[in-house]
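One structure is given here, and the rest of the page talks about it.
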Amino acid sequence: MKILHVITGLNDGGAEAVLFRICTNDKRNKHVVISLMDKGKYGRLLQDSGIITYCLNMPRRRLSFEGVTSLWKYLKKERPDVVQTWMYHGNFVGGLIARLAGYKEIFWGIHNSNLEVESSAKTTILISKLCVLLSTWVPKRIISCSKKSAEIHKQMGYCKNKFAVIPNGYDLDQFSPNSEARLRFRDKWKIPDHLPLLGMVARFDSQKDHANLIKALGMLKKSGREFRCALVGTGMNSSNVELVATIQEEDIENRLLLLGRRPDIPEVMNALDIHVLSSYGEAFPNVLAEAMSCGTPCVTTDVGDAALIVGETGWVVPPRDSMALAQAIDGAMNEMKDSPKWSQRKISARKRISNNFHIEQVLEAYNKEWNTNIYSPQ
């Protein structure tokens, strides 16, 4: 089959990463990608992998006549068997235009858990409400990456009987334990092997709640804990005034490495002893699975399907509770002193991802949805 994907954009994000893995690992189908915006990070990677990628170059959160007409033109040109859309704007624009163009094999993709009024753009909230109205007519199925997300969107009014839950999948050849990468990066960052290195890979965004993590780290410092923490992602650098001010309030400048956006996330995950996620809003946080695939245990807030991902291999605490987060990190660092127990936890973390969230399992689930529904009555 030919699968045509319509996604809001191709910048560095969880949904974008999953789309990339699906397109580059699926050998059964031909994939074509349309970005409503520009190439971003993954557009170039898709093209380098031989995936046809079109960019409509529409402004962020705004439609353009040229963009919509180009989308119509590409749909007619490619004549796909299935249209798979991603995220609210991709679902709304891609799904609606595909339906008007005569396509019925349309699958929406939802990759966030909820919409916080204080942190979500008004246009995004509006689009999500319009999708509620369209959900009975436009998509044949609605694929959610997490159980929690599916439940929340059903409560919002999305058509309940159209949902399927397919978790994100991971390439365990790309994300795997690598002792050489660990030593190389820790040497570059001047982190002795015995010093606990924490880290969080996440762009600077209110829902990631970096302030929660920084406050927890401040508590650990006051308790006498020695550690370093690497913050990786877009906006995680010294030019971020808000971030720097929060760090200074906790007096932990000398404990943090602000590394910004990096292309070598598998190597980063190997360098860390513990990956921490401090978010209050997630659906299926990729960074947990990526860290665990590298044998790096995780401490996470209980958001989206985070608890499902880590299972018994990590620590789960309530969101927006810095004290609980600090205590969980402290407990993880205590366990690091027990080498056999820590080694077993690292093995268990990778095994959990291999057994439950391997990219091949996810591809099988997507193909089952596309094939099962493609010839069924509307």
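Output yes when any residue across the range 32-48 is free of Cβ contacts under 8 Å to residues at least 12 places away in the same chain and in a loop (DSSP other than H, G, I, E, B), and no when none is. No.
For Gly235, are the conditions met, namely being within 28 Å of Asn112 (Cα to Cα), in a loop (DSSP other than H, G, I, E, B), in the same structural domain as Val310 (by TED's automatic domain parsing) and not basic (Lys, Arg)? It would help to see each step written out before you state the result.
Details: within 28 Å of Asn112 (Cα to Cα): yes; in a loop (DSSP other than H, G, I, E, B): yes; in the same structural domain as Val310 (by TED's automatic domain parsing): yes; not basic (Lys, Arg): yes.
Spelling it out, Gly235 is indeed within 28 Å of Asn112 (Cα to Cα), in a loop (DSSP other than H, G, I, E, B), in the same structural domain as Val310 (by TED's automatic domain parsing) and not basic (Lys, Arg).
Could we say that Asn270 is buried (at least 18 other Cβ atoms within 10 Å of the Cβ) and touching a Lys or Arg at 6+ places or on another chain (Cβ under 9 Å) here? Explain how you work it out, then say what you get.
Values: buried (at least 18 other Cβ atoms within 10 Å of the Cβ): yes; touching a Lys or Arg at 6+ places or on another chain (Cβ under 9 Å): yes.
When the stated conditions are applied, Asn270 passes them.
Restricting attention to the range 341-374, the residues being of a type in the set (Ser, Thr, Tyr), under 18 Å from Lys30 (Cα atoms) and buried (at least 16 other Cβ atoms within 10 Å of the Cβ) number 1. Can you name the condition, by its number, that His194 falls short on among (1) over 25 Å from Pro263 (Cβ atoms); (2) assigned to a loop (DSSP other than H, G, I, E, B); (3) modelled with pLDDT of 95 or more? Only one criterion in (1) over 25 Å from Pro263 (Cβ atoms); (2) assigned to a loop (DSSP other than H, G, I, E, B); (3) modelled with pLDDT of 95 or more is unmet by His194, namely (3). Residues in the range 76-88 that are assigned to a helix (DSSP H, G or I) and buried (at least 23 other Cβ atoms within 10 Å of the Cβ) were compared, and the one that is farthest from the chain's Cα centre (by Cα) is Tyr88.
Take Val165 and decide whether it is modelled with pLDDT of 95 or more, in the same structural domain as Glu105 (by TED's automatic domain parsing) and among the hydrophobic types (A, V, I, L, M, F, W, C). So that I can check it myself, show each step before the final result.
Values: modelled with pLDDT of 95 or more: yes; in the same structural domain as Glu105 (by TED's automatic domain parsing): yes; among the hydrophobic types (A, V, I, L, M, F, W, C): yes.
Yes, satisfied.
Would you confirm, using the coordinates I've provided, whether Val138 is surrounded by fewer than 17 Cβ atoms within 10 Å (Cβ to Cβ) and in contact with a Phe, Trp or Tyr (Cβ under 8 Å, 6 or more places away or on another chain)? Judged against the criteria, Val138 is not a match.
Just to check your reading of the model, which residue among Asn112, Asn91, Asn57 is within 21 Å of the chain's Cα centre (by Cα) and assigned to a loop (DSSP other than H, G, I, E, B)? Break it down stepwise before answering.
Details: Asn91 fails: assigned to a loop (DSSP other than H, G, I, E, B); Asn57 fails: within 21 Å of the chain's Cα centre (by Cα).
Being within 21 Å of the chain's Cα centre (by Cα) and assigned to a loop (DSSP other than H, G, I, E, B) holds for just one of Asn112, Asn91, Asn57, which is Asn112.
Filtered by the rule that a residue be farther than 16 Å from Thr234 by Cα and charged (D, E, K, R), the range 253-270 gives Glu253, Arg255, Glu267. Scan the range 299-330 for residues that are in contact with a strand residue (DSSP E or B) (Cβ under 7 Å, 6 or more places away or on another chain) and closer than 18 Å to His358 by Cα and the total you get is 3.
Based on what the data block shows, is Lys73 surrounded by fewer than 22 Cβ atoms within 10 Å (Cβ to Cβ) and more than 25 Å from the chain's Cα centre (by Cα)?
Values: surrounded by fewer than 22 Cβ atoms within 10 Å (Cβ to Cβ): yes; more than 25 Å from the chain's Cα centre (by Cα): yes.
Yes.
Identify the residue in the range 247-265 that is in a helix (DSSP H, G or I) and crowded, with 17+ Cβ neighbours inside 10 Å and, among all such residues, is modelled with the lowest pLDDT.
Ile265
The values are calculated or read from the model by the stated rules, or taken from the named source; none is laboratory data. Nothing here was measured: the structure is a model prediction, and the numbers come from that model. Reconstructed Cβ throughout: ideal geometry from the backbone, glycine too, with neighbour counts over all protein chains shown.
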